[in-house]
Amino acid sequence: MFKKKKSHSINYRADIDGLRAISVISVIGFHTFPNNVKAGFIGVDIFFVISGYLISRIIFEQIELNSFSFFDFYKRRIRRIFPALIFVLSACFIFGWFALFPIEFQQLGKHIAGSAGFISNFILWNEAGYFDNEANTKPLLHIWSLGIEEQFYIFWPLIIWIIYKIRINFFLIIFFLIGFSFVFNILSAENDKVATFYSPITRFWELLVGSFLAWLKFKSKYYHPNISTKNLLSFFGVFLIIYAFVVIDKNSIYPGFLGILPVFGAFLIMSAGPEALFNRLVLSNKIAVWIGLISFPLYLWHWPLISFARIIESDFPNENYRVVAIILSIILSWLTFKFIEKPIRSKTNSNLIPIALLTSMFIIGLIGLFSYLNKGVPSRSYISNFNEENFKMAFLFSEDDETKHQNCMNTYGLKDYIRYCNLSSSKKPKIAIIGDSHARAMYDGLAHVLKNKGEGVLNLGGRLFLDIKTYPKGDKKEIEVYKGGIEATKFVIKEPSIKTIIMVSKGHYLTDTKWIFELISDPNITNRSKIWEIGMRKTLDSAITNNKQVIFVIDNPNLRFDPKQCLAGRPLSRNLSIKQSCTILRSTYEKENKIYRDLVLSVLNDYSEVKIFDTSKYLCDDVSCFGMKDGKILYRDQDHLSFEGGKLLSKELIKLIEFP
C-alpha cells in the first residue's frame, strides 16, 4: 500500500487549530447556555474527525519510513493526554473531598476511576443519558469522549500496520470499517439513544472519516483540487456545520443520520486546506488559533466548574456565574497548557516522563476506586458534623439490591425481566404495590410502616397499566422495563396470595412527548388521554374481576427543584433562596396536573369499589406543597419520594387497607 519515497513532513496547519476552537467553543456553549446553543455537543464529533486525521497522518508518515513504533506512539499519546487529565482529575478529587456529601463523592470516585482507565463512556452508558437532569451533577461527564478516542487508538495503529504488512487495499478496508460503524450507528439510534451516543462502535466512523482524509492527503496524487474547488469545499463544509446547529438539539436521535452533518462538514473544511478563503481568514485568525492550542485543557476544565456549582447550589448556575466559569476555565486552560502540557510534551527523549505519567494516572484511578468502594469516605472531617443520616435517607436511589431482587423473583418463580421486585417479609404478603418508579420510591416507607403492624408488602413492576407501551424515545433499556411492567401487573392480579393491590403511576406520560405512549391493541389511537383511560380501565377491570381490593394512588406533586436545596449546612453553598421554604405553590401543582387529575378522577368515578388515595392531601396545604416537613426531606429528587416521604404517606395509606 505504501511505497518508499522522500519524507514529506506533516506541516502544521493553523486552520485546524481554528477548527478545534469552533469545536470546543460549541461544546462550552452547549454546557453553559444550553437553551441558546442547542446543538453544541456536535463539537465532539468535529473533534473526532480532527483527531482521526492528525493521528492517522503521523502513523502513515512513520510507517512509510519504517520508523513507526507502537511503543513510541503510545508514549506520545501519554505525553499528550495524561498531564492535563491527571491535573484536572486531581483538582476534582480535592474539591470534591471538601464539597461533596458521601453519596456524591462516591459517584465522583467511580467517575475518576473510569476516566483514569478511559472507560468513562461505558460507565455513563450504564447510568443515565448525556442529556438528562442527573447528567448535570456529574463533573466528569465530558470525559466520555476521551474514552471513545483512546479505545479507537488501541486498535487503529495495529490495523494500519497490518494493512501495510500484508499489502492489502487500504481504501477498501477503511470504506468497509466506516460503513460498518455508520450502519451500526443508524440501526442502534432508533432503539437505544443512550447506547448509540456512548458506544465506541457507533462513534468510530467519525474518527475513521478523519483517517480517510489523512490517507487522501498522504496519497496526494489522488487529491489536487484548485483554489476554487478548495473554497467551495470549505464553504459547503461550513454550511453543513451551521445547518447542524440549526436542526439538531438534545432531543434528536443522535448521532444517527444527523451525525453526517458535522462530520462531513469538518471533513470538507479540512480537505480544503489552509489556502481556502474561510480557512485562511477565519480559522487561521490568531485568536481562533490560540483557543485551538488550549482547546484540550479548556475542554477538560469548563464542565467541572459548571457541574460542581450545580451540585453545591442544587440548581443550574445563574448566567453571571456561567460567564465567570468560562473566563476562569480559559485562564486555567492557559496555565495548564503553558506550565504543564508544553514542558512535558517538549521532553520527547525521556522515557521516565511517560512512566511517571502512567504511574500517576494509575494512582489517581486507584484513589477514585477507593473512594467509590468506601462509599464516599463519610469520615471526612469537613462534612462529618452534617446530618448525613437525613441526607442518606432522603437521596438514596430507589433501585433494587441485586441479591434481594433475585430472592424476590425466586420466591414467586419469576423468570422474565422485571425491573422492580422487593419483598419485605420472608413469606408471601397479602399486599402489593405495583407501578413505575414512583411505586418503588413509595415502597420503602410503606414496608417500614407495615412492618410495625406485622404485615409484609411486595413491590413488583416497572410500569402500571396493561396494554400500554410507554418508554422514552430511543431508550432500548426502557422498552424491556415497560414489557416487564405489564407482566408484573398481570402476575400480581392473578397471584392468589395477594389480596390488596396499591396502584401507582406517574402522571407525566399524558403530556410528555419525549415518551412513546401507545395502545398495544390499537396503535391507531393517538390521543394520549384516550390511551390512558383504556389502559387504566383494563387494569382496574382485571384486578376487580380477580377479587382484589384496589387502592389507586393519585401521583405526588413535582417540586420542580432539587430538594437538596432544602438542606442547611451544605458545604460551600451560598444559595438560601429555597432553603427557607422548600415549597411550591399548590396552585402551580394543580395547574400542571389538571389534565392528569381530571382524567384519573373521572375514570375512578365509575369504580366505587376502588379506594382513592390523594397524595396532595398530605403533601400540601391550601397554599403550598412541601419538600420538607418537620425537618425531614420528603423527596429524593424533584418527583420521587424519599424514605421519609414514603413513611409520611404510608401512615395514612394503610388506613384504607382492609386487614383481616
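The values are calculated or read from the model by the stated rules, or taken from the named source; none is laboratory data. All of these numbers come straight from a predicted model, not from anything done at the bench. Backbone-built Cβ (ideal geometry, glycine too); neighbour counts: all protein chains shown. Keep in mind that these areas ignore ligands, DNA and RNA; they rest on the heavy atoms of the full protein, side chains included. Shrake-Rupley method; radii C 1.70, N 1.55, O 1.52, S 1.80 Å.
What the table below lists for this structure:
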| quantity | calculated |
| --- | --- |
| Estimated FRET transfer efficiency when R0 is 51 angstrom, pair S69-S608 (beta carbons, to 0.05) | 0.05 |
| For region 266-335, fraction of C-alpha pairs farther apart than 18 Å, in % | 53 |
| Segment W97-N546, extension gain: residue separation times 0.36 nm, minus the distance between their alpha carbons | 156.2 nm |
| Convex hull volume per residue in cubic angstrom - Cα atoms of the chain | 175 |
| Computed Kirkwood radius, in angstrom, where 1/r is averaged over Cα pairs of region 31-142 | 16.7 |
| With DNA, RNA and ligands ignored, accessible area of W215 (1.4 Å probe; Å², nearest 10) | 20 |
| HN-Hα J in Hz across region 107-113 - Karplus 6.51, -1.76, 1.60, θ = phi - 60°, x for Gly and Pro | 5, 4, x, 4, 6, 5, 4 |
| For region 605-650, Kirkwood radius (reciprocal of mean inverse C-alpha pair distance, Å) | 11.8 |
| Dimensionless Rg ratio for region 179-225, taking C-alpha atoms and the 2.2 N^0.38 Å reference | 1.48 |
| Amide proton proximity set for D614, modelled H, under 5 Å, gap of 5+ | I554 |
| Largest to smallest accessible area among L293, L460, L261 [probe 1.4 Å] | L293, L261, L460 |
| Where the chain is the region considered: accessible area per residue in Å², 1.4 Å probe | 44 |
| P(r) of region 410-479 over all Cα-Cα pairs, binned every 10 Å from zero, in whole percent | 19, 46, 26, 8, 0 |
| Computed helical MRE - 222 nm, the chain, DSSP H runs ≥ 4 contributing -39500 (n - 2.57), nearest 500 | -18000 deg cm²/dmol |
| Amide proton proximity set for K629, modelled H, under 5 Å, gap of 5+ | L634 |
| Label-point separation, T588 to F236 (7 Å along Cα→Cβ), nm | 5.1 |
| Two-site label geometry, E150 and K338: point separation in nm, points 7 Å out along Cα→Cβ | 2.8 |
| Solvent-accessible area, 1.4 Å probe, carbon plus sulfur percent, for the chain | 60 |
| Computed log₁₀ I(q)/I(0) - Debye formula, equal Cα scatterers, no solvent, region 186-301, q 0.10 Å⁻¹ | -0.37 |
| Residues with amide H under 5 Å from that of S425, placed H, sequence gap 5 or more | V457 |
| Low-density loop positions, chymotrypsin sites (Phe, Trp or Tyr not before Pro), region 332-367 - DSSP coil, at most 10 other Cβ in 10 Å | none |
| Square roots of five times the Cα gyration tensor eigenvalues for region 462-605, Å | 32, 18, 17 |
| Loop trypsin sites (Lys or Arg not before Pro), region 99-169 (other Cβ atoms within 10 Å of the site Cβ: 15 or fewer; DSSP) | R167 |
| Spatial separation of Cα centroids for region 48-117 and region 431-446, in angstrom | 43 |
| Percent RCO, i.e. relative contact order, over the chain, from Cα pairs under 8 Å lying at least 6 residues apart | 16 |
| S350 paired with H224, simple spin-label distance in nm, labels 7 Å along Cα-to-beta-carbon | 4.6 |
| Hydrodynamic radius (Kirkwood) for region 137-238, which is based on Cα pairs only, to one decimal in Å | 15.8 |
| Per-residue HN-Hα couplings for region 630-646 [Karplus 6.51, -1.76, 1.60; θ = phi - 60°; Hz; x = Gly/Pro] | 6, x, 10, 6, 8, 10, 9, 8, 4, 9, 9, 5, 7, 4, 5, x, x |
| Relative contact order, percent, region 268-329 [alpha-carbon distance under 8 Å, six or more residues apart] | 23 |
| J(HN,Hα) series, region 272-277, from Karplus relation 6.51 cos²θ - 1.76 cosθ + 1.60, nearest Hz, glycine and proline x | 5, x, x, 7, 4, 4 |
